[in-house]
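Taking it in order: structure first as structure tokens, then the write-up.
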């Protein structure tokens, strides 16, 4: 096999959570272009199916749209059961789904807001990894990619997001531990920590944009598609000896 061939995902089955928009949608399309059959998920079936159909038309790949609220363990179990029923296996899981809906000091937050972010950003990742690992360990192979954030390493400014940083720090630690746990079974686990990508989530904080830009050495925000190459690399056999790693994609933000 040639080196470039190792990036091919032909014949692979991939699940991307939270893939109806933003980074999840862009990377799911990237996986399609790399040859994978891709399952798109969203919190509503309509949004998931719409995204899957659009990607199929755009890339010619086989896709499927399924509803999944990752914080709901029964939803997660049904998602993976449906994927197995349709395709027979899962080779790649990209745990992209996450939220950052509140930017306020910790002392001002309602406990329900904190709990919701932990449920989605942490428990959702754990639930999906648990179900994927059951499948991947049986066949002795698989790649799990978790969405972390540069917030696991920095203090966000000017917005206050201590609770968010805590959830992403948890994902980073979980990824490293799970990589050790699953490595003997042939399953790799890695994470990606993006900086500021111009997604719908980031657009809600327009007042913060000038401050963010001043701190990015590359002087611009990333487009959602710019994470696709990293996801494809970690999903493919090109990264066959990579596990427990974190790849930071932030335009240099964390260098300061």
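The values are calculated or read from the model by the stated rules, or taken from the named source; none is laboratory data. Since we're looking at a predicted model, the values are computed, not measured. Positions of Cβ are backbone-derived with ideal geometry, glycine not excepted, and every protein chain shown enters the neighbour counts.
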Long-range neighbours under 8 Å by Cβ, at least six apart or interchain, first residue at positive phi within region 242-256, second buried (at least 19 other Cβ atoms within 10 Å of the Cβ) and in a helix (DSSP H, G or I):
244/175; 244/179
Give me the residue from region 105-117 that is in contact with a helix residue (DSSP H, G or I) (Cβ under 6 Å, 6 or more places away or on another chain) and within 25 Å of residue 75 (Cα to Cα) and, out of that set, surrounded by the fewest Cβ atoms within 10 Å (Cβ to Cβ).
114
Select from region 26-47 the residues that are within 20 Å of residue 121 (Cβ to Cβ) and crowded, with 24+ Cβ neighbours inside 10 Å and list them in ascending order.
27, 28, 40, 41, 42
Would region 174-186 turn up any residue that is modelled with pLDDT under 95, surrounded by 14 or more Cβ atoms within 10 Å (Cβ to Cβ), within 20 Å of the chain's Cα centre (by Cα) and closer than 26 Å to residue 15 by Cβ?
no
Would you check which residues across region 222-235 are surrounded by 18 or more Cβ atoms within 10 Å (Cβ to Cβ) and not in a helix (DSSP H, G or I) and list them?
222
Residues 169, 140: which one is under 15 Å from the mean Cα position of the chain (by Cα) and surrounded by fewer than 21 Cβ atoms within 10 Å (Cβ to Cβ)?
169
All conditions in (1) modelled with pLDDT of 95 or more; (2) within 17 Å of the chain's Cα centre (by Cα) are true of residue 100 except (1)
